[in-house]
């Protein structure tokens, strides 16, 4: 039985008829759309239901919701200071979406939304769009000073394009980091899963050897749990850092 | 269950606040592992090259649209600029990492002094 470890990332329409059309392109309801809806509904339901009792001594669920709230609030506060807190809803939504997508993707048989570069790149573009809009609202045309380092004018001819390209790099590196981590981890799981199946089917001494990749899968699964959280954290903290630059320009130097 | 005693509550709140400020001042996570650092630098560099090359290609395409055959002048120029931007990104990332490690070590030292 030949298994393709990349097959898990294939986007398939769940309903054969397209939902609607945009400029002649049929739009299908895919497994990706389903998982995104599940992630959004599950995280919203969990957060609202968990804090509903509003007890002084929290239950386990309420404590989880409050911990994630405080975790993000502290992160924004330490990265951007007091005035960054008005971006809390945005950063918290992004963090929870990425975190829940990563975790839901780890359930065997499900689909990892964040392993699609289309999703992560859209998220990163949203972040950068917000940064640019915030910067221009807060500083007006002075926001462009972000691209002008302190240097003599004849060097600026070279440095300004470099700074602009470096700024435009951010959505790419932000999205590639998340997407590549999820892709690599899940491919690894699938490859070792394939080892278990083919060793088990080989018969004789090989059947016994199948336990080795099985144990490895457990270890990788634990690692993937860590990576799932870590990548959500990295995505959120970088969002904060970029927002901080838009809010305070060169203050951090 | 009786109603909570306001004095005890206030005391508990104070103790929680103290714990929180202590924790905030102390260690704030450990520096990331080596492979994730390497991966971060690699993505920064590759992303800058892609963006630089892409921009140059786009500019060439745009000029070609208007009848100026500049290809591949801007592609080459912006690829080089992209490489420079990538190096700048990596240097910045390394500087940030150094600052973070210094902060963590400082936090650990002040923890030991306590």
**Study point:** Percentage, to the nearest whole number, of Cα pairs in region B:29-81 over 19 Å apart
**Key:** 45 percent
Study note, to complete from the structure: In nanometres, the difference between 0.36 nm per residue of separation and the alpha-carbon distance of residue A:125 and residue A:188 is 19.9 nm
**Study point:** Stokes-Einstein D for region B:6-113, Kirkwood Rh over Cα pairs, 10 °C, 1.306 mPa s (µm²/s)
**Key:** 89 µm²/s
Revision key, fill the gap. A correct fewest-to-most ranking of A:107, B:87, A:94 by other Cβ atoms within 10 Å would be A:107, B:87, A:94
Study note, to complete from the structure: Ranked from fewest to most other Cβ atoms within 10 Å of their own Cβ, B:63, A:111 fall in the order B:63, A:111
Check your understanding: Separation of region A:138-152 and region A:229-251 by C-alpha centroid, Å?
Key -> 19 Å
Point to revise | Mean-position separation - Cα centroids, region B:40-114 and region A:23-102, in angstrom | key: 30 Å
Check your understanding: By how many degrees, 0 to 90 and rounded to 10, does the Cα axis of helix A:31-51 deviate from the longest principal axis of chain A?
Key -> 70 degrees
Review point. Sorted from fewest to most neighbouring beta carbons within 10 Å, what does the list A:114, A:120, A:48 look like?
Key: A:48, A:120, A:114
Check your understanding: Taking a quarter of the surface of the Cα convex hull of the protein assembly as shown, what do you get in nm²?
Key -> 28.7 nm²
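Each reported figure results from applying straightforward, stated rules to the coordinates on display, with no laboratory input. A quick note: this is a predicted structure, and the numbers were derived from the prediction, not measured. Because the Cβ atoms are built from the backbone with ideal geometry, glycine has one as well, and the counts that use them run over all protein chains shown.
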